[in-house]
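> Sharing a structure here in structure tokens format.
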Amino acid sequence: ALDAYWEALRTDYNGSIRVPDPILSEVYTGDPRLDVVVDRLLNEIDTGDKVFEPLTTALAKRAGVLRYQALKRNPGEDISPTDAQLVAIAEYRSHNCFITIVTGDVDHIKMLLACAEHAKIDVAPPR
């Protein structure tokens, strides 16, 4: 699955690539045989520029608000805190540049974006 992300990032998008810190909790397993694929992807996109986007306390609070609002609008959905954290970070970054979130969970990200101030945020699945 990560190969699809890498291919999409290599061929479909221009600009810098950022990885929000909370995403790491969804992709690392502790099994070196599996984690090597994640490490390979991260090493490929690390161009010496800042790759990781931290989750600050303010952004964690914003993620909570976004998730609460999205769950109220979409009862019965299982919108993860990690998805909300991703959108909060993207929302913050979008004040300075256009953001594309590449995700396998397009529907939940769109539900969160409906609650965000995101004039410059798009969402797309990997190929």
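> Note down the magnitude of the dipole of the chain about its Cα centre, charges +1 on Lys and Arg C-beta and -1 on Asp and Glu C-beta and zero elsewhere, to the nearest 20 debye.
500 debye
> So what's the Cα pair-distance distribution over the chain, bin width 10 Å, in %?
12, 43, 35, 9, 0
> Still on this structure: Kindly rank 118-124, 50-56 from highest to lowest mean number of other beta carbons found within 10 Å of each residue.
Ranked by mean Cβ neighbours within 10 Å, highest first: 118-124, 50-56.
> Evaluate the distance, in nm, between pseudo-label points positioned 7 Å from the Cα of residue 73 and of residue 106 along their respective Cα→Cβ axes.
With each label placed 7 Å out from Cα toward Cβ, I get 1.8 nm.
> Between residue 39 and residue 11, what length comes free when the chain is fully extended (0.36 nm per residue of separation minus the Cα-Cα distance, one decimal in nm)? Before the final figure, lay out the partial values.
On the way: separation 28, 0.36 × 28 = 10.08 nm, distance 1.96 nm.
Full extension of this stretch gives 8.1 nm more.
> Can you give me the C-alpha center-to-center distance between the stretch 103-117 and the stretch 14-39, rounded to a whole angstrom?
So the separation of the two Cα centres works out to 20 Å.
> Quick one: accessible area per residue over the chain, 1.4 Å probe, rounded to a whole number of Å²?
Accessible area per residue, the chain: 60 Å².
> Continuing with this model, one more query. Short version: what are the Cα gyration tensor semi-axes of the stretch 59-112, square root of 5 times each eigenvalue, largest first, in whole Å? Intermediate results must be reported in sequence, preceding the final value.
Numbers: eigenvalues 68, 33, 14 Å².
Computed over the stretch 59-112, the values are 18, 13, 8 Å.
> Let me ask something else about it. Two-decimal Rg/Rh of the stretch 22-84 from alpha-carbon positions, Kirkwood Rh?
Reported Rg/Rh (Cα atoms, Kirkwood Rh): 1.09.
> Oh, and also: Contact order normalised by length for the chain, with contacts defined as Cα pairs under 8 Å and 6 or more residues apart; what percent is it?
25 percent
> While we're on this one: When the helices in the chain are scored as -39500 (n - 2.57) per DSSP H run of 4 or longer and the sum is shared across all residues, what 222 nm value do you end up with, to the nearest 500 deg cm²/dmol?
-17000 deg cm²/dmol
The values are calculated or read from the model by the stated rules, or taken from the named source; none is laboratory data. Because the structure is a prediction, the values reported are computed rather than measured. Note: ideal-geometry Cβ built from the backbone for every residue, glycine included; neighbour counts use all protein chains shown. What goes into the accessible areas is simple: the full protein's heavy atoms, side chains included, and nothing from ligands, DNA or RNA. Shrake-Rupley method; radii C 1.70, N 1.55, O 1.52, S 1.80 Å.
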